[in-house]
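Peer 1: To start, I am sharing the structure in question, which I have written as structure tokens.
The values are calculated or read from the model by the stated rules, or taken from the named source; none is laboratory data. Values in this document were obtained by computation on a predicted structure and should not be read as measured data. Here Cβ is always computed from backbone atoms with ideal geometry, including for glycine, and neighbour counts include all displayed protein chains. Side chains are part of the model used for accessible areas, which takes the heavy atoms of the whole protein and leaves out ligands, DNA and RNA. Shrake-Rupley method; radii C 1.70, N 1.55, O 1.52, S 1.80 Å.
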Amino acid sequence: MVDIVDDGLRVLFCGINPGLMSAWTGYHFARPGNRFWPALHASGFTPRRFAPAEQQGMLALGLGITNVAPRATARADELTADELTAGGKRLTAKVEARRPQWLAVLGVTAYRVAFDDRAAKVGPQERTIGHTRIWVLPSPSGLNAHWSPAALAAEFGRLRTAAEAPPTR
């Protein structure tokens, strides 16, 4: 999968890994049941609902997309802890180089493993990568039934509000 990144983004969204449909199409969050694109729009990050094929348009909005692990799987729980840990190190280097304001990791379980933070919860984290703040979002996968579309959009909206606030440094 090709990253959708640039220097100094407002938010770099980070999926766990590409699903099989995303690997096949080359577009992030491409599976029709994935709720990333609807939540992004419903939360106010985008002026309309983007289709996965329009992912490059995110850059103009100061948004980007990457993944923790590069290997495509049918389910994120098929990844090993070693893959997630190695992905956390790659992601840290990417964030240090690109310096987004916020890194939004989509999946609390993957975040806990990738960053060795067993107590992490959804929401803003104390940890930073340089000056980049971290927010853990629920996974938008359709398999994550614990979060309704409305609740998912509301959590994305909390991040959007924080990302639009003036820096406090």
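Peer 1: With a 1.4 Å probe and all protein chains left in place, how much accessible area per residue does the chain have, in Å²?
Peer 2: Normalised by residue count, the accessible surface of the chain is 50 Å².
Peer 1: Now for a separate question. Determine the equivalent ellipsoid of the chain by diagonalising the alpha-carbon gyration tensor, then write out the semi-axes as square roots of 5 times the eigenvalues, largest first, rounded to whole Å.
Peer 2: Values: eigenvalues 81, 74, 51 Å².
Working from the Cα gyration tensor, I get semi-axes of 20, 19, 16 Å.
Peer 1: GNM, the chain, Cα, under 10 Å: largest mean-square fluctuation among W37, W135, W147?
Peer 2: W147
Peer 1: Given a 1.4 Å probe and the protein chains all in place, what does the accessible area of K94 round to, in Å² to the nearest 10?
Peer 2: Ignoring ligands and nucleic acids, K94 comes out at about 50 Å².
Peer 1: So if R0 is 25 Å, what FRET efficiency would A93 and R71 give, r being the distance between their Cβ atoms, rounded to the nearest 0.05? Could you put the intermediate results ahead of the total?
Peer 2: Numbers: r = 18 Å, r/R0 = 0.72.
The value I calculate is 0.85.
Peer 1: Taking a point 7 angstrom from the Cα of E164 along the C-beta vector, which residues in region 55-96 have backbone N less than 13 Å away?
Peer 2: Residues passing the 13 Å test: none.
Peer 1: Skipping prolines and chain starts, which residues have an amide H placed within reach, meaning under 5 Å, of the one on C14, given they are 5 or more residues away or on another chain?
Peer 2: T66, A104, V105, L106
Peer 1: Using a Förster distance of 35 Å, how high is the FRET efficiency between L20 and T128, based on the Cβ-Cβ distance and rounded to 0.05? All intermediate terms of the calculation are to be shown ahead of the outcome.
Peer 2: Working: r = 33 Å, r/R0 = 0.95.
E(calc), rounded to 0.05, equals 0.55.
Peer 1: In addition: Could you calculate the FRET efficiency of D82 with A150 from 1/(1 + (r/R0)^6), where r is the beta carbon distance between them and R0 is 30 Å, rounded to 0.05?
Peer 2: 0.25
Peer 1: Can you list the HN-Hα couplings for region 67-82, worked out from phi with the Karplus curve (6.51, -1.76, 1.60; θ = phi - 60°), rounded to whole Hz and with x for Gly and Pro?
Peer 2: 9, 5, 10, x, 6, 6, 9, 6, 9, 4, 6, 7, 6, 8, 4, 4
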